[in-house]
Amino acid sequence: LLIGAPEITEGTMCGNKDHIYPTTEVDMSEHGICAREGSINLNFRYMMSQVVVNLSTSTDDASDKVNIGANTIVEIENAQTEGWIDLHNRNIVQYEGSTSTYNMNNENDNSRHDAIVPQKIDNLVFKISVSNDNNVTDIYRANIKDIPVYVTDQSGKKTGDANTITSWDAGKKYIYNLKVTKTKVSITATITDWETRSTDETDIWL
């Protein structure tokens, strides 16, 4: 989702002498543009957050290998799924009480990729459901707020130290690399802008 809106500096007045109400001194950054000569630049921005989950497991001969594939389900628990965009400042506003468990779309057997409503991540949890050959499903969970991330450039090179974040922001791409085994989930993550961040490897135990 892309939204285009005028880039108007705060304090830019309308200045149209025919604009008689309430005054010609109308701040367009607050009240919107008015009929006037000149150009207004539109800047288009991505409004959603991209979230990518890449799954891996141990090598084939390892005893802790799990059966990751197309049937592996990756969900985001307690996620905000609805909201609206305030066109005045292009902020995302979530509907109260719209949280639910969000089932991420399969990009391929080992990757899930979705556009998510930007939101605080305090209560968000990755839930990974892995079924084995006997149709037994194991559930793995990781608290998203506890995963340190680092910014990378478009080539994937780190540009800063790893830190925890508090929200998924509009126009940024968050890449989580999850290694799932029979005893734990090892995690790295990145943000892209867009702008990109990653985590160092983190062990998440059942």
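The values are calculated or read from the model by the stated rules, or taken from the named source; none is laboratory data. For clarity, every value in this text was computed on a predicted model and none was experimentally measured. For neighbour counting, all protein chains shown are included, and Cβ atoms are generated from backbone atoms with ideal geometry for every residue, glycine included. In case anyone asks, the SASA skips ligands and DNA or RNA and just uses the protein heavy atoms, side chains included. Shrake-Rupley method; radii C 1.70, N 1.55, O 1.52, S 1.80 Å.
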Considering each residue of segment 59-92, count those that are modelled with pLDDT of 90 or more and hydroxyl-bearing (Ser, Thr, Tyr), and give that number.
1
Look at segment 120-140 and say how many of its residues are open to solvent by 10 Å² or more (accessible area, probe 1.4 Å) and touching a residue at least 60 places away in the same chain (Cβ under 8 Å).
4
Do you know which residues across segment 141-173 are at pLDDT 90 or above, open to solvent by 70 Å² or more (accessible area, probe 1.4 Å) and not charged (D, E, K, R)?
Asn143, Thr164, Thr166
Looking at segment 41-88, which of the residues that are open to solvent by 80 Å² or more (accessible area, probe 1.4 Å) and aliphatic (A, V, I, L, M) is nearest to Ser100 (Cα to Cα)?
Leu87
Scan segment 98-109 residue by residue and report those that are out of contact with any His (no Cβ under 9 Å at 6 or more places or on another chain) and open to solvent by 70 Å² or more (accessible area, probe 1.4 Å).
Thr99, Thr101, Asn103, Asn108, Asp109
